[in-house]
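Colleague: Sending over a structure as structure tokens; questions will come in a sec.
The values are calculated or read from the model by the stated rules, or taken from the named source; none is laboratory data. This structure is a prediction, so every number in the text was calculated from the model and none was measured. Positions of Cβ are generated from backbone atoms using ideal geometry, with glycine treated the same way; all protein chains shown enter the neighbour counts. We work out accessible area using only protein heavy atoms, side chains counted, and drop any ligands, DNA or RNA first. Shrake-Rupley method; radii C 1.70, N 1.55, O 1.52, S 1.80 Å.
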Amino acid sequence: MKTGWGILGVAALIAVTLPAAGCSTACPAIGYVSTLEVTVQGGAEAVGDVQLCTDEGCSAPEPTAAPAASLAVTDHWIQLPGGGFSPAPGPSVPPPAYPDTRYIGSRQGEDTWRFTFIPGPVPSYITLRALATDGSVLAEQVNDLEWTREDPFNPCPGPVTTPPVVFLVGERSP
């Protein structure tokens, strides 16, 4: 009697492994965002903005809509076909530029900020800065972040979450 795999054994092994090796998960080519919530404690009323910084740079405020172009009084007129005149159009207002950053911050309430991370790797640690309305730094705090996948069973990349961060700004009472 022969020992070993033999022709039928090798054929069975190939039949079982080929479909598994050929299978792959097709992940959608869509971007996803992850967010971090920061709660300011001990002096939130003095804070004009909170900035999140990493080795890649600092957050930018959330872009706002472009202001509507206002009608300006002008001495330039355009003659309309068929007669009549119309004021010449004023300069157009360009749309706001999207910040050149991966981190966008927005105030959510009296003492809460939300930071949105544009697709890509999320930082393992951050530096938070509390800024006064004049731009001066009121406080600075470094935090390590523990990220977990929102859907740990999904084989494709996706958003991750981390617990909210408490940012101590004012003096703590004993």
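Colleague: Looking at this structure, is Ala88 over 22 Å from the mean Cα position of the chain (by Cα), at pLDDT below 60, among the aliphatic types (A, V, I, L, M) and open to solvent by less than 100 Å² (accessible area, probe 1.4 Å)?
Modeller: yes
Colleague: What single numbered condition from (1) closer than 30 Å to Cys27 by Cβ; (2) modelled with pLDDT of 90 or more; (3) more than 16 Å from the chain's Cα centre (by Cα) fails to hold for Thr162?
Modeller: If we test Thr162 against (1) closer than 30 Å to Cys27 by Cβ; (2) modelled with pLDDT of 90 or more; (3) more than 16 Å from the chain's Cα centre (by Cα), just (3) comes out false.
Colleague: Given the criterion in contact (Cβ under 8 Å) with a residue 24 or more places away in the chain and either surrounded by 10 or more Cβ atoms within 10 Å (Cβ to Cβ) or assigned to a strand (DSSP E or B) (or both), identify the matching residue among Val122, Val142.
Modeller: Going through Val122, Val142 in turn, just one is in contact (Cβ under 8 Å) with a residue 24 or more places away in the chain and either surrounded by 10 or more Cβ atoms within 10 Å (Cβ to Cβ) or assigned to a strand (DSSP E or B) (or both): Val122.
Colleague: Another question, then. Hey, could you check the stretch 145-174 for residues that are over 15 Å from Ala44 (Cα atoms) and among the charged types (D, E, K, R) and say which is surrounded by the most Cβ atoms within 10 Å (Cβ to Cβ)?
Modeller: Ranking the qualifying residues of the stretch 145-174, first place goes to Arg149.
Colleague: Which of (1) of a type in the set (A, V, I, L, M); (2) open to solvent by less than 80 Å² (accessible area, probe 1.4 Å); (3) farther than 30 Å from Gly31 by Cα does Val137 not meet, given it meets every other one?
Modeller: (2)
Colleague: Another question about this same structure. Given the conditions (1) closer than 18 Å to Gly43 by Cβ; (2) in contact with a strand residue (DSSP E or B) (Cβ under 9 Å, 6 or more places away or on another chain); (3) open to solvent by less than 90 Å² (accessible area, probe 1.4 Å), report the number of the one that Arg102 does not fulfil.
Modeller: For Arg102, the failing item is (1).
Colleague: At pLDDT below 90, of a type in the set (Asp, Glu), closer than 26 Å to Cys27 by Cβ and assigned to a loop (DSSP other than H, G, I, E, B): which single residue out of Asp100, Asp151, Asp75 fits that description?
Modeller: Asp151
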